[in-house]
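Down below is the structure, laid out as structure tokens.
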Amino acid sequence: MERNLMKGNEALAEAAIRAGCKCFFGYPITPQTELAAYMAKRMAKAGGVFLQAESEIAAINMVLGASSTGVRAMTSSSSPGVSLKAEGVSYMAGSDLPGVIINVQRGGPGLGGIQPSQADYWQATRAMGHGDFHILVFAPSSVQEMVDMVIKAFDLADEFRMPAMILADGLLGQMMEPVSFPEITAKTIEKPWATNGHKNARKHNIVNSLYLQAPDLQRTVQERFERYEKIKQTHTEAESYLTEDAEIIVTAYGATARVAKSAVNAAREAGLKVGMVRPKTLWPFPVRELNEGCKNAKAVLCVEMSMGQMIDDVKLALNCSLPVHFFGRTGGVIPTPNDVLAEIQKIGGAL
Amino acid sequence: MAVVFERPKSLVDVSTHYCPGCTHGIIHRILCEVIDEMGIEGDTIGVCPVGCSVMAYDYFRCDMIEAPHGRAPAVATGAKRSNPDKYVFTYQGDGDLAAIGTAETVHSATRGENIVVIFVNNTTYGMTGGQMAPTTLPGQVTQTTPFGRDTDLAGFPVRVCEMLSTLDGVALAQRVAVDSVPHVREAKNAIRKAFENQKEKKGFSIIEVLSTCPTNWGLTPIEALGRLRNECIPYYPLGVYKDKYAEEVAK
């Protein structure tokens, strides 16, 4: 298969086009702007729509409009811009609309910084807008995974009629790696609910998130959560690395997992029994995979580029059966393998 | 027996939630008459956002999308760009279009999005119980301007058609009213022209319809029509503010 050297942001865009994305709506923000620039060059030639919106809010609502008609649509942004999309994502979830949202995370809160960060974990997995709902959240750790996960995000979003997010970060977005694009057999998922003109051949369709009768709203939300339960059972993903005999398990996702893996290798060389579990889906969180990886563990170290957000899910998944330590750095202060190794050794010395 | 007057086919035969005397019913009707006359119900996608029109998806028989507050032009942009052969319209109130959705309004207009915007201006937030709108007249009493709109404190109303008429992307900006039979006829013709513009890919057409809100104005329906005529029309003069193609023909 042909391999190309590509920047993460551009690979995300190319993968989306190949996955059948017909509409991209975006707004400039560092560090994801290359994605929109790539779409501006490529989308029209690929027979799709590229439009620079007047705001992040408009962009996500354009996605809502396009998606309502049954078309694959995407928007991308970085942390402060993703906050602005929260309203639209909530409406999409409440209207059972698919769609892909890219977050190439930077530091926060507020304007924060423009360096890589993982401080939007809570937002992505807990509160991507008001109301009771979830979105699918994928966490790539390489440019190749960005490609693979965008394709999967479109497919699962359509299948389960819900928004999906790629939670990347500025490091992955900006770095270049060789990637290959798999032969994609575009899944054709019937969308009989789409509002694309009834042609006098069916009843009119309505895309809507309003239920003024409380029991109707409850029933709709409960049905949606039954769907979420199915996804939790069948669509979790994680990479397990050297976990078989590991007494210490490091948990990390995205770019941080690359650093953590180096630290795990160094620890092994120093004779410590250390492994890693890297969640690839953040919602649903890979509870089963983490527990499997921790079967011989005595302690867990969660490493993040934040003050500690995924650690909540790690603790919930392990149900407090193991001590969970934390090591984190905030936006732009990327942890080094030596930093992580020192934490591992500290935990190892106390076992 | 010959039928001389009947319900438009694209207007669903249900009771609406609108208050007695509200002119939404007239505007719904003339919009549906246009859709019927053009025979485009099966190719039309309507977008209704938050406000009194929020449940209009139950009243129009074409496919309908309910948009977040103010975002209808963005939602319509997404629907139209991905379905250029369909007719897409929004049906928005003044709070929605001229306050929370101002950016979406201005930018869909300046991009020349090939859509129709029906802008129902009744100078108040009807759905939430009659608060000050961006179009509330100076001195007008509302729930949030209990002593009348004080322009020193709350600023001035927005004249939407005048403002949008400065943008090159706008094909048609016209203000009409539904206070009398001649005005209703004029309003229907304007809506028809807006949809014809879309058919001919002429770009963004906005029809501002001056409307009443008897409930929140605290007036009877007849009195409300009087207020529309005597207070609203003088502040918001009726007429064509921009007709790009008529101007080009004239040149």
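Let a ≥ b ≥ c be the square roots of the eigenvalues of the Cα gyration tensor of region A:70-173; is it rounded (a/c under 1.5), or, if not, prolate (a/b larger than b/c) or oblate? Here region A:70-173 falls in the oblate category. For a bin width of 20 Å, list the pair-distance distribution of chain A built from all Cα-Cα distances, rounded to whole %. Reading the bins upward from 0: 31, 56, 13, 0. For region B:1-69, the list of chymotrypsin sites (Phe, Trp or Tyr not before Pro) that fall in a loop by DSSP and count at most 15 other C-beta atoms within 10 angstrom reads B:Phe5. Residues of chain A were split at every exposed loop site, defined as chymotrypsin sites (Phe, Trp or Tyr not before Pro) in a DSSP loop with at most 16 other C-beta atoms within 10 angstrom, and the longest piece left, sites excluded, is A:1-192. Computed over the alpha carbons of region B:161-241, Rg followed by Dmax gives 14.0, 43 Å. Enter the angle in degrees (range 0 to 90, nearest 10) between the Cα long axis of helix A:337-350 and the first principal axis of the Cα atoms of chain A, meaning the one along which they spread out most. Relative to chain A, helix A:337-350 is tipped by roughly 60 degrees. Between B and A, roughly 2600 Å² of accessible area is buried in total, ligands, DNA and RNA not counted and the probe set to 1.4 Å.
Mean residue ellipticity, 222 nm, helices only, the protein assembly as shown: the sum of -39500 (n - 2.57) across DSSP H runs of n ≥ 4, divided by residue count and rounded to 500, is -11500 deg cm²/dmol.
For region A:168-259, the mean projected area of the C-alpha convex hull, equal to one quarter of the hull surface, is 12.4 nm².
Quick one: longest stretch of chain A between exposed loop GluC sites (Glu not before Pro), exposed meaning at most 13 other C-beta atoms within 10 Å and loop per DSSP? It works out to A:3-182. Taken about its Cα centre, the protein assembly as shown carries a charge dipole of roughly 580 debye when the Cβ of each Lys and Arg holds +1 and the Cβ of each Asp and Glu holds -1.
Each pair of Cα atoms in region A:277-332 enters the Kirkwood radius, and Stokes-Einstein at 37 °C and 0.692 mPa s then converts it into a translational diffusion coefficient of 283 µm²/s. Taking every Cα-Cα distance in the protein assembly as shown and sorting them into 20 Å bins from zero, the calculated P(r) comes out as 20, 46, 26, 8, 1 percent. Between B:Cys19 and A:Ile189, the FRET efficiency from the beta-carbon distance, with R0 = 41 Å, is close to 0.45. How charged is the neighbourhood of A:Ser67? Take every other residue with its Cβ under 11 Å from the Cβ of A:Ser67, and add Lys/Arg as +1 and Asp/Glu as -1. In short, +2. Under the combined filter of DSSP loop state and at most 10 neighbouring Cβ atoms within 10 Å, region A:10-88 retains these trypsin sites (Lys or Arg not before Pro): A:Lys45. Applying a DSSP loop filter and a limit of 14 other Cβ atoms within 10 Å to the chymotrypsin sites (Phe, Trp or Tyr not before Pro) in region B:78-184 leaves B:Phe147.
Note on region A:255-351: along the principal axes its Cα atoms extend 32, 31, 20 Å, ordered by decreasing extent. Converting phi to 3J(HN,Hα) with the Karplus coefficients 6.51, -1.76 and 1.60 and the offset θ = phi - 60°, region A:156-165 yields 6, 4, 5, 4, 9, 6, 8, x, 10, 10 Hz in sequence order, with x at every glycine or proline.
Derived scalar couplings between HN and Hα for region A:29-41 equal 7, 6, x, 10, 4, 4, 4, 5, 4, 5, 4, 4, 6 Hz in order, rounded to whole Hz, by the Karplus curve 6.51 cos²θ - 1.76 cosθ + 1.60 (θ = phi - 60°), x for Gly and Pro.
The values are calculated or read from the model by the stated rules, or taken from the named source; none is laboratory data. Just so it is clear, the model here is predicted, and its values are computed rather than measured. Cβ atoms come from the backbone with ideal geometry, glycine included; neighbour counts cover every protein chain shown. To get the accessible areas, we keep the full protein, side chains included, count just its heavy atoms, and leave off ligands, DNA and RNA. Shrake-Rupley method; radii C 1.70, N 1.55, O 1.52, S 1.80 Å.
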